[in-house]
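Colleague: Structure below; questions to follow.
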Amino acid sequence: MNDNEAWAWADRHAVTEQIEETLLNALQWGDIPLGPDGNGVYIADDHFDAVVRDDLVEPYEDPTPRLEAKSHHLLMTTLRDMGETARDVTETVATDGGSTIDGLADKLGKHPATIY
């Protein structure tokens, strides 16, 4: 993430802030409470006191639904554009999964090189 270079010591606060922001947003997207509101998720002990942060982190919209929709669209487009043999191989592998190359070739009446 840093072109295999060490972070500059002067940038440590910005890096820490970015990591905290990423972690807190990921927790929020997973519906994990972020504050000590009596839900029992955060419990104070000898080393940790569950208190509200002084500086709030800006929440970002969860990108997961958009990424899932994009992946689904890409998959459907790819499946639609496949040739008949590729579709047959994909369907067989997706539903059976235990076939060998030679087994698929025999089952579909194709040469093993076509299956590869």
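Colleague: Starting from the range 15-107, pick out the chymotrypsin sites (Phe, Trp or Tyr not before Pro) whose DSSP state is loop and whose Cβ has at most 11 other Cβ atoms within 10 Å. Spell out each step's value before the answer.
Modeller: Numbers: sites: TRP29, TYR42, PHE48, TYR60; in loops: TYR42, PHE48, TYR60.
Answer in residue order: PHE48.
Colleague: Picking from THR78, VAL89, THR114, whose Cα lies most toward the positive end of the charge dipole for the range 63-116 (charges on Cβ: Lys, Arg +1; Asp, Glu -1)?
Modeller: THR78
Colleague: Between LYS107 and THR78, what length comes free when the chain is fully extended (0.36 nm per residue of separation minus the Cα-Cα distance, one decimal in nm)? Write down the numbers at each step before the final one.
Modeller: On the way: separation 29, 0.36 × 29 = 10.44 nm, distance 2.33 nm.
Result for the pair: 8.1 nm of gain on full extension.
Colleague: Right, here's the next one. Taking neighbour Cβ counts within 10 Å as the exposure measure, how do VAL93, VAL51 sort from fewest upward? Please list the in-between numbers first.
Modeller: On the way: VAL93 13, VAL51 10.
Ordered by Cβ neighbours within 10 Å, fewest first: VAL51, VAL93.
Colleague: While we're here: Summing -39500 (n - 2.57) over the DSSP H runs of n ≥ 4 in the chain and dividing by its residue number, what mean residue ellipticity at 222 nm do you reach, to the nearest 500 deg cm²/dmol? Mind showing how you got there, number by number?
Modeller: Numbers: 5 runs with 60 residues, N = 116.
The helix contribution divided over the chain gives -16000 deg cm²/dmol.
Colleague: Let me ask another. Applying the Karplus parametrisation 6.51 cos²θ - 1.76 cosθ + 1.60 with θ = phi - 60° to the phi angles of the range 29-36, what ³J(HN,Hα) value in whole Hz is obtained for each residue in order, glycine and proline being reported as x?
Modeller: Result, rounded to whole Hz: 5, x, 6, 9, x, 9, x, x.
Throughout, read-outs are computed from the coordinates displayed, never taken from laboratory work. Keep in mind that this is a model prediction, so the values were computed, not measured. Note that each Cβ is placed from the backbone with ideal geometry, even for glycine, and that neighbours are counted across all protein chains shown.
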